[in-house]
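Below is one structure, written out as structure tokens; the observations come after it.
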Amino acid sequence: MIELLFVACLAQSPDQCRERSLVFTNVTPMQCLMGAQPELARWVNTHPNERVKSWRCRTVNDTEFDI
């Protein structure tokens, strides 16, 4: 699994940020890197009060997720 991990901050309060992520199962790390900006643009369109501060792609294990 590949995770697009990003930090989103409130547009009106840029000091109020939190970590968010999108998880993909059929994507390579390179596909994540190449597709991250369009994916984040879609996310921002559905969350107009937030701004993406930073992002990265990483490989994750199933054991890292809470059930």
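Where residues in the stretch 26-61 are touching a strand residue (DSSP E or B) at 6+ places or on another chain (Cβ under 8 Å) and hydroxyl-bearing (Ser, Thr, Tyr), which of them is nearest to ASP15 (Cα to Cα)?
Checking each candidate, the answer is SER54.
Out of the residues in the stretch 18-31 that are under 10 Å from the mean Cα position of the chain (by Cα) and at pLDDT 95 or above, state the one that is surrounded by the fewest Cβ atoms within 10 Å (Cβ to Cβ).
So in the stretch 18-31, the residues under 10 Å from the mean Cα position of the chain (by Cα) come out as 19-23.
Remaining after also requiring at pLDDT 95 or above: 19-20.
Values: GLU19: 9, ARG20: 16.
Within the stretch 18-31, the match that is surrounded by the fewest Cβ atoms within 10 Å (Cβ to Cβ) is GLU19.
Which one of these does ASP15 not meet: (1) loosely packed, with under 10 Cβ neighbours inside 10 Å; (2) in contact (Cβ under 8 Å) with a residue 40 or more places away in the chain?
Condition (2) is where ASP15 drops out.
Do we find that ARG42 is exposed (fewer than 14 other Cβ atoms within 10 Å of the Cβ) and outside any strand (DSSP E or B) in this structure? If you could, list the steps in order and put the result at the bottom.
On the way: exposed (fewer than 14 other Cβ atoms within 10 Å of the Cβ): yes; outside any strand (DSSP E or B): yes.
Judged against the criteria, ARG42 is a match.
The values are calculated or read from the model by the stated rules, or taken from the named source; none is laboratory data. These figures come from a predicted structure and were not determined experimentally. A quick note on method: Cβ atoms are made from the backbone with ideal geometry, for glycine too, and the neighbour counts reach across all protein chains shown.
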